[in-house]
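S.K.: Can you keep this structure in mind? I'll have questions shortly.
The values are calculated or read from the model by the stated rules, or taken from the named source; none is laboratory data. Nothing here was measured: the structure is a model prediction, and the numbers come from that model. Note: ideal-geometry Cβ built from the backbone for every residue, glycine included; neighbour counts use all protein chains shown.
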Amino acid sequence: MSRQGISYRFTHAVTRKPSHSVVRGLRAIDRGTPDFEIFETEHRLYLAALRHAGLKVTTLETCEEFPDSVFIEDAALCLPEGVVMLRPGTPSRTGESAQLVPELAAMGLHIHPHGSDGYIDGGDILVTDSAVLAGLSNRTDRAGFEWLKALLQSWDYKVMAVETPQQVLHFKSDCCVLDSSTIMATSRLAGKACFSGFRVLTVPSGEEPAANSIRVNDSLLIPDGFPETAEMLVREGYSVVTVPVSQASLLDGGLSCMSLRFRRCG
Ligand code: CIR
């Protein structure tokens, strides 16, 4: 089945405002507490960049109960067949999916409930035009992966498990789709077999966080502060837009995590 453009041609995005509790969000290494006001400002710039790329953006109200709920991508996967509810694999976040279901249903989106005891985070799922790659990680276990695989295979997707590098939170912390046939990845992932068949651009050394970029229609949103990556991508002909994520990055979050992006007819 041809799914040309499924990985970056979108019409809509759903986001969630950062809660005040975001300052208590999870982080692997404490590099300082995020400043709530700067977080809000950067979030607004993020929304503006999504709109500028052509998306109609819905922003859900804050959810104080879940400090990491601004990282909405981890709770659901949006595909043309509907929204697949996931099960974030860390105790303080597992309830985020249940919170999100009625909000997405109220938007008229078709919901596929989660159906396994396993865990799977959206940050581990890379949708490309030819296959869905899902990283096994500290947040995504085999049971969660197998459940997703069975569901997506029933819709004719090719689904592959990949190993997320030990030192990174999510598979997509280290890679992203640039177009139907091109991936950008850090050097620790770039040579992996899961990318055979793709052209792979390697993120310049020292700029690894830039791997968490998002292609949205004709724009390529990349995090601010990675000049060599920006230069490489401009040279490659991409329309680069830089977005500041200094506060989200203190919580190991980046551009992909803060929205659900999808194509909707009508
Ligand atoms: C967490 O540890 O779950 C959050 N502080 C960051 C989640 C980032 N999400 C993502 O990469 N998809």
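S.K.: Test of understanding: among 177, 168, 203, which residue is modelled with pLDDT under 95 and surrounded by 18 or more Cβ atoms within 10 Å (Cβ to Cβ)? Reasoning before the result, please.
M.R.: Working: 177 fails: modelled with pLDDT under 95; 203 fails: modelled with pLDDT under 95.
None of the others qualify; the one that does is 168.
S.K.: Looking at 189, 169, which is the one that is out of contact with any Lys or Arg (no Cβ under 8 Å at 6 or more places or on another chain), within 16 Å of the ligand (Cβ to nearest atom) and among the hydrophobic types (A, V, I, L, M, F, W, C)? Can you show your working first?
M.R.: On the way: 169 fails: out of contact with any Lys or Arg (no Cβ under 8 Å at 6 or more places or on another chain).
Exactly one residue qualifies, and that residue is 189.
S.K.: Taking the condition within 16 Å of the ligand (Cβ to nearest atom), more than 19 Å from residue 152 (Cβ to Cβ) and surrounded by 15 or more Cβ atoms within 10 Å (Cβ to Cβ), does residue 14 pass?
M.R.: It is true that residue 14 is within 16 Å of the ligand (Cβ to nearest atom), more than 19 Å from residue 152 (Cβ to Cβ) and surrounded by 15 or more Cβ atoms within 10 Å (Cβ to Cβ).
S.K.: Also, I was wondering about something else. So is residue 77 modelled with pLDDT of 95 or more, more than 15 Å from the ligand (Cβ to nearest atom) and either touching a strand residue (DSSP E or B) at 6+ places or on another chain (Cβ under 9 Å) or acidic (Asp, Glu) (or both) or not?
M.R.: On the way: modelled with pLDDT of 95 or more: yes; more than 15 Å from the ligand (Cβ to nearest atom): no; either touching a strand residue (DSSP E or B) at 6+ places or on another chain (Cβ under 9 Å) or acidic (Asp, Glu) (or both): yes.
Here the answer is no, as residue 77 does not meet what is asked.
S.K.: Then there is this: Can you run down the residue pairs with Cβ atoms below 7 Å, 6 or more apart or on separate chains, where the first is in region 98-127 and within 16 Å of the ligand (Cβ to nearest atom) and the partner is assigned to a helix (DSSP H, G or I) and acidic (Asp, Glu)?
M.R.: Pairs that qualify, where the first residue is within 16 Å of the ligand (Cβ to nearest atom) and the partner is assigned to a helix (DSSP H, G or I) and acidic (Asp, Glu), are 121/74; 122/73; 122/74; 123/73; 123/74.
S.K.: From the list 252, 224, which residue is free of Cβ contacts under 8 Å to residues at least 40 places away in the same chain and either in contact with a Lys or Arg (Cβ under 6 Å, 6 or more places away or on another chain) or under 20 Å from residue 32 (Cβ atoms) (or both)? Before you say what the answer is, go through the steps one by one.
M.R.: Values: 252 fails: free of Cβ contacts under 8 Å to residues at least 40 places away in the same chain.
Criteria check complete, one pass: 224.
S.K.: Check whether at least one residue in region 234-250 is more than 16 Å from the ligand (Cβ to nearest atom) and buried (at least 21 other Cβ atoms within 10 Å of the Cβ), and report yes or no.
M.R.: The answer is yes, given that some residue of region 234-250 is more than 16 Å from the ligand (Cβ to nearest atom) and buried (at least 21 other Cβ atoms within 10 Å of the Cβ).
S.K.: Being charged (D, E, K, R) and touching a helix residue (DSSP H, G or I) at 6+ places or on another chain (Cβ under 6 Å) is true for just one of 174, 218, 252. Which residue is that? So that I can check it myself, show each step before the final result.
M.R.: Working: 218 fails: touching a helix residue (DSSP H, G or I) at 6+ places or on another chain (Cβ under 6 Å); 252 fails: touching a helix residue (DSSP H, G or I) at 6+ places or on another chain (Cβ under 6 Å).
When all the criteria are applied, what remains is 174.
S.K.: Only one residue in 31, 51 is at pLDDT 95 or above, farther than 23 Å from residue 134 by Cβ and within 15 Å of the ligand (Cβ to nearest atom), so which one is that?
M.R.: 31
S.K.: Follow-up. Does region 56-67 contain at least one residue that is farther than 23 Å from residue 221 by Cβ and within 11 Å of the ligand (Cβ to nearest atom)?
M.R.: Yes, that holds for at least one residue.
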